[in-house]
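Chemist: The structure is given below, and queries will be raised subsequently.
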Amino acid sequence: MAAQTQTAVVDEVRREVLRAHERLRAVRTQVLTQQDYVTAMSRRVSGAEASIRSLQAVQDPAARQTLGRDVALEMEEARSSGRRAYTIGLEVARDLQAVQSSLSQVKADLDGVDRSGATPQERSDLVALAARVDSMAWAVALTRPAATAVTESMLYAEDRARVVAEQALSSQAPAPADLRPDDLTPLNTDLARAAEVGSHLQVTSSDSLRTAEVATKHSELVSEAAHARMSMQQQRELPGEGPGLDSVGPQW
């Protein structure tokens, strides 16, 4: 394989890995922000539950209406946080899909390189780089199911919050009397699942980012070595004898 050919391949791999790395860094930030919104929604639901419990002991119609409005307000605030968490989840899913698609193409490009004329060092570099890309793709693949699960939970939670808010503001008397703490059980279940899976998502997204950092550094080293070999090849084409190409490789 000509040194120029390998250099072109590894340079493109380095650029794609770097882009994927940057995208995964953004995903990690989004995941943390999403969990902040899940927590905020949970707090609002807890506030609504407290108002509903108070409502059970109140008989005065005016006081009941006030508590009903309090419940509706808390649930609307909860919905706002839920919608934001859901939107972030969609963005995370889109970014992870894009990264996975990009890495699949990078791996295909590496596998498609003709190595019949490659030196041992060139073959070693390509094999090692492909392994790094594989590890990175695998880490992303493990992250996607957790991200999807959190997003689905927030979709359900936001809709359940909407139902409770509408019930609290219902004009049918006695509207608030129909509300019970148990009405929030399905909503709390969704939020608990989002928080639990979200913790796993934080771990997997961190693992993906660390794997991307390693792959990025590795691709940079391989690219530098490929450029050095290409330079030596060009020197050998000049009169005189230069050092062997096979002696130049990444300095791990």
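Chemist: Computed FRET efficiency, Cβ-Cβ of Gln59 and Glu196, R0 41 Å: what is it to the nearest 0.05?
Modeler: 0.55
Chemist: In vacuo Debye scattering of the chain, one point per C-alpha: log10 I(q)/I(0) at q = 0.17 Å⁻¹?
Modeler: One equal scatterer on each Cα of the chain leads to -1.07.
Chemist: For Asp109 and Thr148, compute 0.36 nm times the residue count separating them, minus their Cα-Cα distance, and round to one decimal in nm.
Modeler: 11.2 nm
Chemist: If you take every residue apart from Tyr37 with its C-beta less than 10 Å away from the C-beta of Tyr37, what net charge results, scoring Lys and Arg +1 and Asp and Glu -1?
Modeler: Net charge around Tyr37: +1.
Chemist: Put a dot 7 Å past each Cα toward the Cβ at Ser80 and Ala131; how far apart are the dots in nm?
Modeler: Reported label-point gap for Ala131 and Ser80 is 5.2 nm.
Chemist: I've got another one for you. Computed FRET efficiency, Cβ-Cβ of Lys217 and Ala50, R0 30 Å: what is it to the nearest 0.05?
Modeler: Approximately 0.05, to the nearest 0.05.
Chemist: Right, another one. Report the gain in length on full extension from Gln4 to Val203: 0.36 nm times residue separation, minus Cα-Cα distance, nm rounded to one decimal.
Modeler: Separation in residues times 0.36 nm, less the Cα-Cα distance, equals 67.7 nm.
Chemist: Can you tell me, using C-alpha contacts under 8 Å and at least 6 residues apart, the relative contact order of the chain as a whole percent?
Modeler: 33 percent
Chemist: Here's something else I'd like to know. Just the accessible area per residue of the stretch 68-206, please: how many Å² with a 1.4 Å probe?
Modeler: The answer is 47 Å² per residue.
Chemist: Just the Cα atoms of the stretch 1-70, one point each, no solvent: what log10 I(q)/I(0) does Debye give at q = 0.12, 0.14, 0.23 Å⁻¹?
Modeler: Treating every Cα as an identical point scatterer, log10 I(q)/I(0) equals -0.59, -0.67, -0.94.
Chemist: Modelling each spin label as a point 7 Å along the Cα-to-Cβ direction, I'd like the Arg210/Leu18 distance in nm, to one decimal.
Modeler: In this crude spin-label approximation the distance works out to 2.5 nm.
Chemist: Here is a follow-up. Take the chain, connect every pair of alpha-carbon atoms lying under 10 Å apart with a spring to form a Gaussian network, then pick out the residue of Ala63, Ala40, Ala93 with the largest mean-square fluctuation.
Modeler: Among Ala63, Ala40, Ala93, the largest mean-square fluctuation in the Gaussian network model of the chain belongs to Ala63.
Chemist: Running a GNM on the chain with Cα contacts under 10 Å, which residue among Ser54, Ser199, Ser46 ends up with the highest mean-square fluctuation?
Modeler: Among Ser54, Ser199, Ser46, the largest mean-square fluctuation in the Gaussian network model of the chain belongs to Ser54.
Chemist: Further question: So if R0 is 45 Å, what FRET efficiency would Thr189 and Gln233 give, r being the distance between their Cβ atoms, rounded to the nearest 0.05?
Modeler: Calculated transfer efficiency: 0.10.
Chemist: A follow-up question, please. Quick one: net charge around Arg162, please, counting Lys, Arg +1 and Asp, Glu -1 for every other residue with C-beta under 14 Å from its C-beta.
Modeler: After counting each charged neighbour, the total is -4.
Chemist: Helix-only mean residue ellipticity at 222 nm, the chain, DSSP H runs n ≥ 4 weighted -39,500 (n - 2.57), per residue, nearest 500. What is it?
Modeler: -30500 deg cm²/dmol
Chemist: Calculate what fraction, in whole %, of the accessible area of the chain sits on carbon and sulfur atoms when a 1.4 Å probe is rolled over the protein chains.
Modeler: Roughly 51 percent of what the probe reaches on the chain is carbon or sulfur.
Chemist: Can you compute the charge dipole magnitude of the chain about its Cα centre, using +1 on each Lys and Arg Cβ and -1 on each Asp and Glu Cβ, nothing else charged? Give it in debye, rounded to the nearest 20.
Modeler: Around 280 debye, computed over the chain.
The values are calculated or read from the model by the stated rules, or taken from the named source; none is laboratory data. Predicted model only: the values in this text are computed from it and were never measured. Please note: Cβ atoms are built from the backbone with ideal geometry, for glycine as well, and neighbour counts cover all protein chains shown. The area values use the complete protein model at the heavy-atom level, side chains included, leaving out ligands, DNA and RNA. Shrake-Rupley method; radii C 1.70, N 1.55, O 1.52, S 1.80 Å.
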